[in-house]
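Trainee: Could you have a look at this structure, given as structure tokens, before my questions?
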Amino acid sequence: LKRVGILTGGGDCSGLNAVIRAVTRAAVFGHGATVIGIERGFEGLVFNHTTELTVHSTRSILTLGGTILGTTNKGNPFEWREINPDHSISVHDYSDKALATVEQLQLDCLFIVGGEGTLEIGYRLFERGVPVIGIPKTIDNDLDKTDYTFGFQTAVQVACDALDRLYTTGESHQRVMILEVMGRSAGWIAMEAGISGGAHIILIPEIPYDIESVVQRIRQRARNGSPFSIIIVAEGAKEIGGDCIVQEAASTRLQGVPQLGGVGFHLAAEIRKRIDLEVRCTVLGHIQRGGSPTAFDRILGTRLGSHAVQAAAEGKFGNMVSLNTPDMTLVPLCELAGVVRRIPLDSQLIRCAESIGINLGRTPA
Ligand code: F6P
């Protein structure tokens, strides 16, 4: 390997800088390669905005949240959206510009770090001849064919800490405390944070919830001498017969992404109608995406970065590096397109939650 490039695309998450640092170090130490950082995801690729990464320039970024390269989830080179002076939107295919940048930079490999959408673009670039290696990233943990994505564990830890705090205030005031967390259409963050934070009710997109079941559980707790309840709800959760609350237009947020706070506040209002207890809702939002990664995410990011460089050196382009505990493997990018991994309904995670008395909003038998 002589010259490699790396870009981070889509929403940021903790651990991205661990990947950037690991790729740089493994490429420099193992191959004496030059590492080019591509700025703001595909935007930097289309418009050739880059910066050289060195062992020195990446030396203190392991603990930093975000990405030193910047990112955006707006730029798809194949469908580049531009706002015209009359506010209309035009869509262009700028993939040739992206390819020209790869050519100009003389890259032997382009590492693309991202979630499902970013990796799908990576696959399309690979089909056009770009030597791509994908690196999986998302707090949502909804990427298929890898045990975990980095960023997820940090998000769970942040949500768990939030639950610990909501627990003490909820118990003191005898209130129903709702915490809404992210996750798109998957309930991984809600489920793992809920179990680790001692939630009494966990509502996830995989199991449409029955509001009567939720209220019944709160009443039962009150009757048994615990007039407070802790609920964690995934932003993509939906009521039986209801719709997931999806935003209409997006400027910074993606079309089809649930509206921040929509689900939590809706749930609070529905509970208030049925029960004479105070209900409060907290929306964790982007707090779960920022800040320093946990040790787990630092290790995972570092291992993925290191393995990606090895895969590039072996010429295994068109693949994503993936955690297959305890090893790292490669998965063809074409197998990932359009697949969103949700919590399987027959999983031990769900059985575990219910076995210890957590209500998942199911209609009582
Ligand atoms: O995919 C990561 C994620 O944080 C989702 O959990 C969330 O729905 C979405 O991105 C938020 O996107 P944005 O940062 O554009 O508001």
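We did not get these values from a lab; they are worked out from the coordinates using the rules stated. Computed from a prediction, not measured in an experiment: that's the story for all the values here. Methodologically, a virtual Cβ is constructed for each residue, glycine included, from the backbone with ideal geometry; neighbour enumeration extends over all protein chains shown.
Trainee: Compute the distance from the alpha-carbon center of the stretch 55-101 to that of the stretch 114-136, in whole Å.
Mentor: The stretch 55-101 and the stretch 114-136 have Cα centres separated by 14 Å.
Trainee: Have a look at CYS160, CYS13, CYS352 and tell me which one the Gaussian network model of the chain (Cα, springs below 10 Å) gives the largest fluctuation.
Mentor: CYS352
Trainee: In deg cm²/dmol, rounded to 500, what helix-only [θ] at 222 nm does the chain give when every DSSP H run of at least 4 residues adds -39500 (n - 2.57) and the total is split over its residues?
Mentor: Helices in the chain give a 222 nm mean residue ellipticity of -11000 deg cm²/dmol.
Trainee: Please list the non-local residues whose amide H lies under 5 Å from the amide H of ARG175, H modeled 1.01 Å from N, same-chain partners needing a gap of 5 or more.
Mentor: Sorted by chain and number, the residues that satisfy this are SER229.
Trainee: Then there's this: Charges at C-beta only: +1 for Lys and Arg, -1 for Asp and Glu. How large is the resulting dipole of the chain about its Cα centre, in Debye rounded to 20?
Mentor: That gives the chain a dipole magnitude of about 760 debye.
Trainee: Report the full-extension gain for the segment GLU171 to THR325: residue separation times 0.36 nm, less the Cα-Cα distance, to one decimal in nm.
Mentor: Contour length minus Cα-Cα distance gives 51.5 nm.
Trainee: Then there is this: Can you give me the angle between helix 152-173 and the longest principal axis of the chain, using Cα atoms only, in degrees from 0 to 90, rounded to the nearest 10?
Mentor: 20
Trainee: Right, something else. What is the angle, in °, between the Cα long axis of helix 116-127 and the longest principal axis of the Cα atoms in the chain? Nearest 10 is fine, range 0 to 90.
Mentor: Helix 116-127 sits at roughly 20 degrees to that axis.
Trainee: Follow-up. Only Cα pairs within less than 10 Å get springs; with that Gaussian network setup on the chain, which residue of ALA311, ALA155, ALA234 has the largest fluctuation?
Mentor: Highest fluctuation among the options: ALA311.
Trainee: Starting from the Cα gyration tensor of the stretch 182-243, take the square roots of the eigenvalues, sort them a ≥ b ≥ c, and report rounded, prolate or oblate (rounded when a/c is under 1.5, otherwise prolate if a/b is larger than b/c, else oblate).
Mentor: Oblate, since a/c reaches 1.5 and b/c is not below a/b.
Trainee: Rounded, prolate or oblate for the stretch 1-110? Axes are the square roots of the Cα gyration tensor eigenvalues, ordered a ≥ b ≥ c, and the cut-off for rounded is a/c under 1.5.
Mentor: oblate
Trainee: Ok, one more. Along the Cα-to-Cβ line of SER57, 7 Å from the Cα, sits a label point; which residues in the stretch 12-44 have backbone N less than 11 Å from it?
Mentor: The answer is 35-39.
Trainee: Which one of SER88, SER185, SER213 has the biggest mean-square fluctuation once the chain is modelled by GNM with Cα springs under 10 Å?
Mentor: Highest fluctuation of the listed residues: SER88.
Trainee: In addition: Taking neighbour Cβ counts within 10 Å as the exposure measure, how do LYS273, LYS97 sort from fewest upward? Walk me through the numbers on the way to the answer.
Mentor: Details: LYS273 10, LYS97 15.
Placing the least packed residue first, the sequence is LYS273, LYS97.
Trainee: Next question. May I ask what percent, to the nearest 5, of DSSP beta bridges between residues of the stretch 52-141 are antiparallel?
Mentor: 45
Trainee: Another question about this same structure. Which number gives the lysine pairs in the chain that have C-alpha atoms under 28 Å apart and are eight or more places apart or on different chains?
Mentor: Taking the Cα cut-off of 28 Å, the pair count is 15.
Trainee: Which of rounded, prolate or oblate describes the chain when judged by the alpha-carbon gyration tensor and an a/c cut-off of 1.5?
Mentor: The shape class here is prolate.
Trainee: Does anyone have the angle between helix 211-223 and the longest principal axis of the chain? Alpha-carbon axes, 0 to 90°, nearest 10?
Mentor: That helix lies at roughly 60 degrees to the long axis.
Trainee: Assuming R0 = 35 Å, can you tell me the calculated FRET efficiency for the pair ARG81 and HIS286, based on Cβ-Cβ distance, to the nearest 0.05?
Mentor: 0.95
Trainee: Something else: Report the full-extension gain for the segment LYS97 to LEU345: residue separation times 0.36 nm, less the Cα-Cα distance, to one decimal in nm.
Mentor: 84.9 nm
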